[in-house]
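The values are calculated or read from the model by the stated rules, or taken from the named source; none is laboratory data. Computed from a predicted model, the values in this text were never measured in an experiment. No Cβ is skipped: glycine too gets one built from the backbone with ideal geometry, and neighbour counts run over all protein chains shown. Each accessible area value is taken on the protein alone, full model and side chains, heavy atoms only, with ligands, DNA and RNA left out. Shrake-Rupley method; radii C 1.70, N 1.55, O 1.52, S 1.80 Å.
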Amino acid sequence: MATTGSWLGKLAGAAGEAKARAASEKAERLAAPSILRPNEITGEYDASRLLMTTLGGEIRPLTHDDLAAFRRNVGTAQKRLKGGITARKVLDLSWADDRNRAQSQIRQAVPMSASNGRVRFVTSAGPDSKVSRHHVTVEFMSFGASVSAGSKTPLQAAGWLRKQPLKFDCDCERHTFWFRYISTIGGFNAGRAETGFPKIRNPGLSGVGCKHVLRVMAEVESAGTVALFLSKVIARGRENDDGNAKVRQAQRDAEAQLAANKRPREIKTTTDRQKAAAAARERRALAQAVTANPSKPKKPTAATRRMAGGGMNKAQLALLAKMGLSEQQIAAINAAGK
Ligand SMILES: [Zn+2]
């Protein structure tokens with residue numbers, strides 16, 4: 001598995017590669033014979049088409065009851081996704097399996113180029129993939145606002161921008177067959193719109209991002225290098241009155257970023273973050289309690305060590321005598337120190 005930049009290849013030509021993949025995917029989709037179309041979901045389905053579904057767990061011909069269930073699932077998904085999606089929300093709504101795969105298999109992602117708010121990322125591919133890299137497009141919906149907000153430095157504006165709603169797309173099969181329909185009905189699809197309900201792969205319409213998208217979202221949310229890249233695009237947008245901000249990542253910069261980023265960033269949901277914060281609070285509270293009320297005896301000081309066994313040192317005894325205490329009193333104090 002590629003852990004550093006060896007998977008990256010040449011950035012020059014990567015945009016062409018992404019376009020070619022999108023075109024061949026579109027051609028395949030148009031030729032696909034068993035798409036369940038929107039007008040069929042709403043009731044115009046002819047059962048003689050014998051389309052299949054896995055709703056309920058097993059593959060079988062779909063019925064009109066299934067269509068009603070699909071309509072309900074669309075309504076539920078649209079409610080859940082109302083108001084668009086942010087990088088954090090993509091992570092939160094994803095399947096744990098996809099997050100685990102993103103964590104263990106897709107260890108790196110890097111922005112390659114930007115045209116205004118539309119940023120192309122490349123990620124490494126999983127161990128069983130036919131390709132060495134994948135293309136994830138992220139469209140930052142509030143890019144115009146981040147350029148116009150002159151009270152913020154470009155870097156501050158980038159920090160704000162990466163928490164705002166976005167759209168995304170990935171060229172992999174999981175995104176295509178499981179999630180592209182969801183991003184289309186949720187209004188955050190940044191590639192080819194998918195109108196065919198995923199009746200076989202994902203009839204419950206759960207999850208939202210493949211492992212490549214999740215890796216990119218984790219970087220969008222937290223990576224300093226992504227903030228820096230976005231700040232360059234914002235700065236370019238502020239320089240150009242025609243609103244045409246294009247930035248290209250240099251090959252050597254991308255390679256340097258990947259080489260510096262050997263340990264993959266953790267893929268964390270809001271719940272993961274809350275748990276980590278609670279654990280940290282507990283650790284701090286415990287540390288404070290130990291300091292205020294030590295359960296272990298402190299290491300004895302030199303003076304205490306001398307007192308142990310009943311002995312005060314000569315200077316201490318002399319001091320007590322100087323203070324006018326009798327020998328008996330001094331002996332009693334000395335004994336009490338045992
Ligand atoms: Zn993907």
What is the sum of charges around Ala32, taking Lys and Arg as +1, Asp and Glu as -1, for the other residues whose C-beta is under 15 Å from the C-beta of Ala32? +3
Expressed as a percent, the accessible surface of the chain that is carbon or sulfur, using a 1.4 Å probe and the full set of protein chains, is 55 percent
Peptides 275-284, 44-53: what's the order by average Cβ count within 10 Å, highest mean first? 44-53, 275-284
What's the ranking of 57-65, 34-42, 154-162 by average number of surrounding C-beta atoms within 10 Å, highest first? 154-162, 34-42, 57-65
The chain, helix-only ellipticity at 222 nm - DSSP H runs n ≥ 4, -39,500 (n - 2.57), divided by all residues, nearest 500: -14000 deg cm²/dmol
GNM on the chain, Cα springs under 10 Å; top mean-square fluctuation among Gly186, Gly117, Gly243 goes to Gly243
So in the chain, what percent of DSSP beta bridges are antiparallel if you round to the nearest 5? 95 percent
Positive end of the charge dipole of the stretch 30-112 (Lys, Arg +1 and Asp, Glu -1 on Cβ, about the Cα centre): tell me which of Ser48, Gly84, Trp95 has its Cα farthest that way. Gly84
Which listed pairs, of Lys79/Lys199; Lys211/Lys246; Lys79/Lys163; Lys232/Lys268, have C-alpha distances above 30 Å, in listed order: none
Please report, in debye to the nearest 20, how large the charge dipole of the chain is about its Cα centre when each Lys and Arg carries +1 at its beta carbon and each Asp and Glu carries -1 there. 1600 debye
Separation between the Asn100 and Ala32 pseudo-spin-labels, each 7 Å from Cα along Cα→Cβ, expressed in nm? 2.7 nm
